[in-house]
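Written out below as structure tokens is the structure these notes cover.
We did not get these values from a lab; they are worked out from the coordinates using the rules stated. Note that this is a predicted model, so its numbers are computed, not measured. Every residue, glycine among them, receives a Cβ derived from its backbone with ideal geometry; neighbour counts consider all protein chains shown.
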Amino acid sequence: MPKSPSNLWTGTFILVCTAQFFGSAQHSLLQPTFPLYITSLGGTPFQVGLVLACFAVTSVVFRPLIGAWADTWSEPGVSMCGLTLLSAAILICFIPVAEAIMLANALRGLGWAAMSAAGYSMLAVSAPPHRRGEASGYYSGVQASGTILLPAVALWLVAAPFGGFPVVFTVAILLAAIGAATSAILMRRLPPKAQSASALPLGPWWREILNVLDREIILASLLSFLSHVNFPALASFIVLYAKEAAINNLGWFFVVSGLTSLVSRPVLGKVSDNIGRGRALIACFVLQFVALVALAFASNLFALIVCGVLYMLGLALSSSTTLAIAMEQAKPERRGRVMGTFSISLPLSNGVGALVCGGLVQWFGFLWMYLAVAGFAVAGLVVTFANRARLNK
């Protein structure tokens with residue numbers, strides 16, 4: 001019996017999520033590993049920053065170009081190539097010099113860009129139109145699920161008597177390789193792409209990047225940027241804030257807020273389908289504003305956890321809603337490059353947010369930093385209200 005067009009959990013959707021899980025799991029495993037590995041080789045914190053920056057730069061710069069490649073060839077094929085590169089690049093990490101790790105992470109950035117751009121495009125194809133918010137919630141939840149346990153697993157493997165950095169790198173190779181095999185199965189399920197004149201390259205590769213910003217994706221990208229740009233205030237600077245305020249046992253903050261994000265994304269994605277994109281984004285930015293203002297005055301662990309839960313609920317609404325908007329507004333024949341462009345907003349917002357938060361803390365202190373970054377939520381509300389008719393169309 002053929003599946004109903006409203007069925008979300010098709011074989012294609014499950015395989016797309018599975019491939020993304022293994023790629024994201026590798027990234028979560030390596031996040032705490034690379035800083036420890038570089039310093040164990042005698043590297044400086046500046047070199048650690050360079051290694052991490054190599055990943056971010058290649059991931060952002062080449063993402064639109066890779067999205068265009070997905071349009072003209074095959075989304076699952078691009079995903080398979082990206083995950084294969086994620087796996088193969090780790091082999092370079094067995095060379096115990098910092099420069100080798102920089103090269104490996106730069107190649108991983110390319111692989112991550114391919115995996116992400118192709119994944120977003122396949123999500124748009126596999127999700128029923130009236131359930132795209134719910135599908136986006138499950139998809140982003142799968143991507144975030146590895147952040148709860150995989151960093152702890154990496155630290156355990158590094159310290160274990162039978163472990164060490166080579167064991168972590170071996171596990172990282174296997175995780176991405178399983179994702180690549182999953183994408184290879186997807187290539188057999190999805191039909192070949194039909195060539196369209198509007199999907200063909202617009203000229204040289206550099207012109208392709210410059211012309212990739214389709215007008216229909218700007219709104220979704222801007223809303224995604226505004227809802228994520230203050231995330232470093234919770235993900236990174238909360239540790240320094242708790243230390244200054246003498247708040248102990250901060251690990252519970254990350255556990256509770258991480259679980260909130262994971263569990264709420266599918267549910268709130270479905271909510272955005274029912275109440276409309278505009279109302280969902282208004283709720284997102286209101287929750288973030290309240291959480292950040294309250295965080296500026298929080299003085300104990302319970303208050304921090306409450307603020308973290310409120311913020312993550314807002315972020316979950318934003319992640320699923322903005323992704324659904326991008327899928328709805330992207331032209332099918334340019335979906336790969338458009339979704340590739342949309343996905344740039346996440347690493348870009350994290351980079352900008354970290355610089356803004358760091359400068360504000362240094363010059364004005366944590367109180368004014370949290371109050372100031374709450375202003376991004378206000379800006380998000382203004383953009384949402386100005387575009388309510390378009391968002392709810």
Q: Starting with the highest mean, order 291-299, 217-225 by the number of other Cβ atoms within 10 Å, averaged over the residues of each peptide.
A: 217-225, 291-299
Q. Label N7 and Q31 with points 7 Å out from Cα along Cα→Cβ: what is the distance between them in nm?
A. 3.5 nm
Q: Between L367 and A246, with labels modelled 7 Å along Cα→Cβ, what's the label distance in nm to one decimal, could you check?
A: 1.8 nm
Q. To the nearest 0.05, what FRET efficiency results for T72 and R189 with a Förster distance of 25 Å applied to their C-beta separation?
A. 0.80
Q) What FRET efficiency would be calculated for the residue pair A386, V306, taking the C-beta separation as r and a Förster radius of 25 Å, to the nearest 0.05? A) 0.20
Q. What ratio of Cα Rg to 2.2 N^0.38 Å holds for the stretch 59-118?
A. 1.16
Q: Sticking with the crude label model, points 7 Å out along Cα→Cβ, report the distance from L174 to F297 in nm, one decimal please.
A: 5.1 nm
Q) Taking the Cβ-Cβ separation of V290 and V97 as r and a Förster radius of 45 Å, what is the calculated FRET efficiency to the nearest 0.05? A) 0.40
